[in-house]
Amino acid sequence: MTQRLLVVGGDAAGMSAASHAKRLVPDLEVIAFERGNHVSYSACGEPYLIGGEVSSIDRLVARTPQQFADQGIDVQLQTTVRGIDFDRRSVVVEKEGERTRIGFDFLMYSTGAAPARPDSIIGADRAYGLRSLDDAAQLRDVVDGGVKKAAVVGGGYIGLEAAEALCHRGVNVSLVTSGSHVLSRTIDPDIGAAANEACRRLGIELVLSAPVYGITAEGVATGGDTIPADFVVLGVGTDPEVELARETGIALGDSGAVAVNEFQETNLEGVWSAGDCAEATHRISRRQVNIALGTVANKAGRIAGANIAASMNGSAKARFPGVLGTAITKVGEVELARTGLTSRQAEAAGLEVVSGTVNGTNTAGYWPNAAPVELKVIADRATGRLVGAQIAGGPGSGKKIDGLAMALWTEMAVEDLAWVDLAYAPPFSGVWDLIHIASRRAAEARA
């Protein structure tokens, strides 16, 4: 008898799981429910749709419902899952006001995350959020209407990229954050200072160390002051969408996201989860974390799909090896990248750390138009093991983070990293790469 997989949520993790499970078990019936108007799209491209670098929503859609249908996957858009009855192995879905109960053998919970709207911010519902392609299109239309002044609340990736996009469209932007620098949760203050300067050079007004109390028709209230704005974008992070999980009895972890094991299995038999709504193991701290990155969602979703298939055909289970939180963004011409733990995160994980920082250029110093780069590595004082790295610099420098992520992944010590045989030519680096120099300085700091 044909077995059925239901997928709750149709973006990266859900559709990755659906596609891989269907590929491995062609007879599996797969139905994916998505409450929005698109599946399998690039949420990371939304700021660039607003900024004009991407010309249309269609450019951000990786696969259409018809393409999934050609693969044998039934995608049902504008369909909301209202309830999951685990005992009856069924879900209740609603579309156009009508509710239907549909049974399942296997369930993939991949609801993603929603823009955080903290209760502490009065009037947060007045602000625009960025979750779906429709959200991005709506914000683009607002900008097209000729607004002159915007406030962005939040200095994380979403807030920073939204602020840059609005600047590109000629909007005067104030970015308001409670941190002393942008990206304060993911980079250290020294690298953060370079990020702040990049924002100012682009024309973004930074309002730092400013807790937000409310959003009004006039703008953003920060204690005694109001930052004037024609409209406000709220980018203070995301919250995993777990209400259905909680109601169903799917266990949540300490982060507030769905608790899963290394096979992406939840506590309920036959129910998997992955993506922005789920936890993952951090490879350095060994703690369970909720990291809302498309890279994590796609990989974890593929693991879930493999193990859904394994539960049917008896093949060996696949293991998700964990995350480092490797990420990259840019402000103007300055690239910002990070991997592993920040100094503060490392100390919170019980590690005593040292660091090595170098200021150089993205090419040989004498090369025309060489741009400044600041690169930092963080190491465990006891063992020398690399535990984190951060970069702020000119074109091409940010992708050095991938080499540092590889070193983290393989548990390399900074003493070894200081001697790795890296490529050199004047258009790309100095003869001693900045990775070499920063690693050597961290190794010396251990003495």
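Every read-out reported here was derived from the displayed coordinates using simple, explicitly stated rules and does not represent laboratory data. Only a predicted model underlies this, so the values are computations on that prediction, with no experimental measurement involved. Reconstructed Cβ throughout: ideal geometry from the backbone, glycine too, with neighbour counts over all protein chains shown.
How much net charge surrounds ILE215 when only other residues with a Cβ under 15 Å from its Cβ are counted (Lys, Arg +1; Asp, Glu -1)?
Working: positive: ARG117, ARG126, LYS149; negative: ASP119, ASP125, GLU218, ASP225, ASP230.
Here the charged neighbours net out to -2.
For the chain, what does the equivalent ellipsoid look like in terms of its semi-axes, each the square root of 5 times an eigenvalue of the Cα gyration tensor, given largest first in whole Å? Please list the in-between numbers first.
Details: eigenvalues 278, 170, 79 Å².
Equivalent-ellipsoid dimensions as semi-axes: 37, 29, 20 Å.
Residue farthest toward the positive end of the dipole of the chain, with Cβ of Lys/Arg at +1 and Asp/Glu at -1: which of LEU77, ILE378, ASN261?
ILE378
Only counting other Cβ atoms within 10 Å, I'd like TRP409, TRP272, TRP419 sorted with the fewest neighbours first.
On the way: TRP409 17, TRP272 31, TRP419 11.
Listed from fewest to most nearby Cβ atoms, that is TRP419, TRP409, TRP272.
Mind checking the dipole of segment 117-234: about its Cα centre, +1 per Lys or Arg Cβ, -1 per Asp or Glu Cβ, Debye to the nearest 20? Present the calculation step by step, with values, prior to reporting the outcome.
On the way: 10 positive and 15 negative charges, 21 e Å.
Roughly 100 debye for segment 117-234.
Antiparallel DSSP bridges in the chain: what percent, to the nearest 5?
Numbers: 53 of 85 bridges.
Looking only at bridges with both residues in the chain, the antiparallel portion is about 60 percent.
Taking neighbour counts of Cβ atoms within 10 Å as a proxy for exposure, in what order, fewest first, do MET312, MET108 appear? Intermediate results must be reported in sequence, preceding the final value.
Values: MET312 17, MET108 29.
In order of increasing Cβ crowding within 10 Å: MET312, MET108.
Counting C-alpha atoms alone, how compact is segment 191-295: give Rg to one decimal and Dmax as a whole number, in angstrom.
19.2, 53
How would you classify segment 1-136 from its alpha-carbon gyration tensor, with a ≥ b ≥ c the square roots of the eigenvalues: rounded for a/c under 1.5, else prolate if a/b is greater than b/c, otherwise oblate? Intermediate values should be presented prior to the final figure.
Numbers: a/c = 2.41, a/b = 1.40, b/c = 1.73.
It is oblate, given that a/c is not under 1.5 and a/b is not larger than b/c.
In a Gaussian network model over the chain where Cα atoms closer than 10 Å are linked, find which of ALA297, ALA327, ALA364 has the largest mean-square fluctuation.
Among ALA297, ALA327, ALA364, the largest GNM mean-square fluctuation belongs to ALA364.
With each run of n ≥ 4 DSSP H residues scored as -39500 (n - 2.57), what mean residue ellipticity at 222 nm is computed for the chain after dividing by its residue count and rounding to the nearest 500 deg cm²/dmol? Walk me through the intermediate numbers first.
Details: 12 runs with 121 residues, N = 447.
Mean residue ellipticity, 222 nm, calculated: -8000 deg cm²/dmol.
State to the nearest 20 debye the size of the charge dipole of the chain about its Cα centre, where the only charges are +1 on K and R beta carbons and -1 on D and E beta carbons.
Values: 41 positive and 53 negative charges, 113 e Å.
In debye, rounded to 20, the chain gives about 540.
Under 5 Å between amide hydrogens, which residues at least 5 positions from ASP239 or on another chain qualify, with H placed 1.01 Å from N in the peptide plane?
The answer is ALA114, ALA116.
Using a 10 Å cut-off on Cβ atoms, rank the peptides 438-445, 80-87, 328-335 from the highest mean neighbour count down.
Those peptides, ordered most packed to least, come out 438-445, 328-335, 80-87.
Could you tally the net charge around VAL420, taking each other residue with its Cβ under 13 Å from the Cβ of VAL420, Lys/Arg +1 and Asp/Glu -1? Could you put the intermediate results ahead of the total?
Numbers: positive: LYS400, ARG440; negative: GLU415, ASP416, ASP421, ASP433.
Net charge in that neighbourhood comes out at -2.
Which residue, chosen from TRP409, GLY394, GLY223, occupies the Cα position most advanced towards the positive end of the dipole of the chain, where the dipole is computed from +1 (Lys, Arg) and -1 (Asp, Glu) charges on Cβ about the Cα centre?
Going by the charge dipole, the pick is TRP409.
So, with +1 on the Cβ of K and R and -1 on the Cβ of D and E, and no other charges, what is the size of the charge dipole of segment 327-445 about its Cα centre, to the nearest 20 debye? Kindly include the intermediate steps, with their values, before the conclusion.
Working: 10 positive and 13 negative charges, 49 e Å.
Here segment 327-445 has a charge dipole of around 240 debye.
Report the label-to-label distance for GLU347 and ARG4 in nanometres (one decimal), using points 7 Å from each Cα along the Cα→Cβ vector.
With each label point 7 Å from Cα toward Cβ, the separation is 5.5 nm.
Give the Rg (one decimal place) followed by the Dmax (whole number) of segment 315-364, computed from C-alpha coordinates and expressed in Å.
16.4, 51
What shape does segment 327-445 have by the C-alpha gyration tensor, where a ≥ b ≥ c are the square roots of the eigenvalues, rounded means a/c under 1.5, and otherwise prolate means a/b greater than b/c and oblate the rest?
Numbers: a/c = 2.16, a/b = 1.52, b/c = 1.42.
It is prolate, given that a/c is not under 1.5 and a/b is the larger ratio.
Going by a ≥ b ≥ c, the root eigenvalues of the Cα gyration tensor, does segment 271-339 fall in the rounded group (a/c under 1.5), the prolate group (a/b larger than b/c) or the oblate group? Can you show the working numbers first?
On the way: a/c = 2.95, a/b = 2.23, b/c = 1.32.
The shape class here is prolate.
Work out, in µm²/s and without decimals, the Stokes-Einstein translational diffusion coefficient of segment 117-234 at 20 °C, 1.002 mPa s, Rh from Kirkwood over C-alpha pairs. Display every interim value, and only then the final one.
Working: Rh = 14.2 Å.
Translational D for this selection: 151 µm²/s.
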